[in-house]
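The values are calculated or read from the model by the stated rules, or taken from the named source; none is laboratory data. Please read all numbers here as calculations on a predicted model, not as lab measurements. Note that we place each Cβ from the backbone using ideal geometry, even for glycine, and neighbour counts take in every protein chain shown. Ligands, DNA and RNA are stripped out before the accessible areas are found, and what is left, the full protein with its side chains, is counted by its heavy atoms. Shrake-Rupley method; radii C 1.70, N 1.55, O 1.52, S 1.80 Å.
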Amino acid sequence: NEDFTDTGYFSIKTKTSEDKLQLAIDQVLEELHRIVKEPVEPWELDKAKNKLKSWFAFNLDDISFYTWHFSEQLLFKNEIEDIRLTLEKIMKTNQDDIQRVAQHIFSDQPKVSLLTPKLKRIRVN
């Protein structure tokens, strides 16, 4: 995920052998279609929130992350958000939030980039 004030992108990266590439693409797209149509399971959401909260807290020990995080806020929002507020926002995220954002992000036909020496054609549904 990369977000800017006026644009951004969301990407999914995976590695697989060419003989399993179509299966991998089909499974990723199936998950994306599912999250647009069905709410994420509560246990999945809790796991993701705890993982993100932990990642954020641990990365604050890294001076480069710390400076990037706060300087980006200052440059683009002209304010610095309290760390506790950031953590609260993570924990307040609910199933509806996830589904609303998923519907927005995945409403377009996906764009697929492949790096492979032999493959000539792939189906994206």
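Within segment 95-125, restricting attention to residues that are over 25 Å from residue 14 (Cα atoms) and in contact with a Pro (Cβ under 9 Å, 6 or more places away or on another chain), the residue that is surrounded by the most Cβ atoms within 10 Å (Cβ to Cβ) is 95. Counting residues in segment 33-42 that are open to solvent by 80 Å² or more (accessible area, probe 1.4 Å) and farther than 30 Å from residue 121 by Cα gives one or more.
When residue 73 is tested against (1) at pLDDT 90 or above; (2) more than 30 Å from residue 115 (Cβ to Cβ), exactly one condition is not met: (1). The set of residues from segment 106-125 being in contact (Cβ under 8 Å) with a residue 40 or more places away in the chain, closer than 18 Å to residue 27 by Cβ and of a type outside the set (Phe, Trp, Tyr) comprises 110, 112, 114, 116, 119, 122, 123, 124, 125. List every residue pair whose Cβ atoms sit under 8 Å apart, with the two residues 6 or more apart in sequence or on different chains, where the first one lies in segment 75-95 and is within 21 Å of residue 46 (Cβ to Cβ) and the second, anywhere, is small (Gly, Ala, Ser) and in a helix (DSSP H, G or I). What qualifies is 87/57.
A search for C-beta distances below 9 Å between a residue of segment 24-49 that is farther than 25 Å from residue 91 by Cβ and any residue that is open to solvent by 90 Å² or more (accessible area, probe 1.4 Å) and not polar (S, T, N, Q), counting only pairs 6+ apart in sequence or on different chains, returns 24/15; 25/123; 26/123. For segment 49-65, a residue qualifies if it is among the aliphatic types (A, V, I, L, M) and either loosely packed, with under 12 Cβ neighbours inside 10 Å or over 21 Å from the mean Cα position of the chain (by Cα) (or both), and exactly one does: 63. Could you tell me whether any residue of segment 66-79 is among the β-branched types (Val, Ile, Thr), more than 17 Å from the chain's Cα centre (by Cα) and open to solvent by 80 Å² or more (accessible area, probe 1.4 Å)? No - not one qualifying residue is present in segment 66-79. The single condition among (1) at pLDDT below 95; (2) open to solvent by 100 Å² or more (accessible area, probe 1.4 Å) that residue 92 does not meet is (1). Each residue in segment 95-123 was checked for being of a type in the set (A, V, I, L, M, F, W, C) and at pLDDT 80 or above, and 5 of them qualify. The set of residues from segment 1-23 being in contact (Cβ under 8 Å) with a residue 40 or more places away in the chain and surrounded by 10 or more Cβ atoms within 10 Å (Cβ to Cβ) comprises 10, 18, 21, 22.
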